[in-house]
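Report on the structure given below.
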Amino acid sequence: MEAIKSAIDRALIAAEQAKSSMDAATRRISTGKKISSSADDPARWASTRQARSIDGHLQAVNAGLETVAISIRGADQAMAAIEEHLDQMIEVVKLFPPYPEGDSSEERIKMLRSFNGIRRLIDQLTVPPKDDLGQAIMADPASNDVPASWPVIVNEQGDVKTIRRQEVHTGPTGLDIPELTEADLTEDGQAGGPLSRQKLDGIAANLENAKAVLRQRRDALGSDAAAIARAKSMNAEAAAFHKAYAESREAADINEAAAQATSIQLKQSLALESLGSITSMRSELAALLA
């Protein structure tokens with residue numbers, strides 16, 4: 001009788017194990033997931049959680065880099081507009097259409113005075129509103145509270161790329177474009193003496209130099225932008241790898257799961273048949289001993 005009881009216990013354990021395995025196989029088939037919790041496979045669960053964490057971190061880093069990239073693109077567009085303004089200022093001082101030497105007409109003076117208006121438009125493009133990195137990059141630190149550079153985290157390891165300030169305002173540390181004064185509109189400050197061709201040519205040369213400085217600083221900003229773009233691309237590739245790894249570790253092979261379910265079902269049937277046979281044997285033996 002003790003042997004029969006032991007056999008029944010083993011058959012019950014086998015049936016319960018088969019049921020548990022069947023539940024897991026059915027869940028894999030219905031959800032497509034090999035692991036839904038750490039209980040399914042602790043080691044596999046831990047590795048997928050780590051991969052998911054790295055993927056999430058890289059996505060967050062790239063979100064920050066995209067914000068920086070948008071600001072840099074805004075600064076680049078502003079620099080393009082500033083170059084157009086410089087061309088307009090060069091036209092003003094070269095006096096197109098040309099005026100006769102010594103002309104002091106109101107139209108000529110009005111045209112020269114537009115120089116300062118265009119100059120103000122340049123500075124308006126470089127005055128940063130609060131939290132605008134793009135304009136802060138171009139701003140005059142003497143009149144705006146902006147740092148010399150901005151550190152940006154570029155990858156999952158926490159490496160930093162420094163975005164450098166590129167001053168393109170009209171001040172001395174920027175493009176260095178002095179304002180025309182009322183005295184500048186007359187030769188040597190003498191009333192009635194229009195600005196000489198020689199002095200206008202000097203202003204035009206200064207503006208050409210400002211264009212060269214602008215292009216150098218725009219190229220430097222482009223170099224920083226390229227570094228941000230490379231970091232974003234590398235992060236995207238790494239994030240895609242870790243996401244795919246996690247999904248492959250989590251995803252169930254449906255054909256394999258179906259075959260496993262069939263095998264478990266057979267084991268479960270055999271265990272139940274065995275239990276039925278043992279129970280019947282026990283009843284017959286009990287009848288004989290009665």
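Quick check: anything in the range 181-193 exposed (fewer than 13 other Cβ atoms within 10 Å of the Cβ), at pLDDT 85 or above and in the same structural domain as Gly74 (by TED's automatic domain parsing)? No, the range 181-193 has no match at all. Considered as a group, the residues in the range 50-100 that are among the β-branched types (Val, Ile, Thr) and surrounded by fewer than 14 Cβ atoms within 10 Å (Cβ to Cβ) include one that is farthest from Asn209 (Cα to Cα), and that residue is Thr67. Restricting Asp176, Asp159 to residues that are more than 19 Å from Val61 (Cβ to Cβ) and surrounded by fewer than 21 Cβ atoms within 10 Å (Cβ to Cβ) narrows the list to Asp176.
Taking the listed residues Ile54, Ile70, Ile13, Ile8, the one that is of a type in the set (Val, Ile, Thr) and at pLDDT 90 or above is Ile70, with no other qualifying.
Of all the listed residues (Pro178, Pro172, Pro128), the sole one being of a type outside the set (A, V, I, L, M) and within 31 Å of the chain's Cα centre (by Cα) is Pro128. Selection of the range 101-159 for residues being assigned to a helix (DSSP H, G or I) and closer than 25 Å to Arg230 by Cβ yields Leu133, Gly134, Gln135, Ala136, Ile137, Met138.
The values are calculated or read from the model by the stated rules, or taken from the named source; none is laboratory data. Note that the structure is predicted; figures quoted are calculated from it, not measured. Glycine gets a Cβ as well: all are built from the backbone with ideal geometry, and neighbour counts include every protein chain shown.
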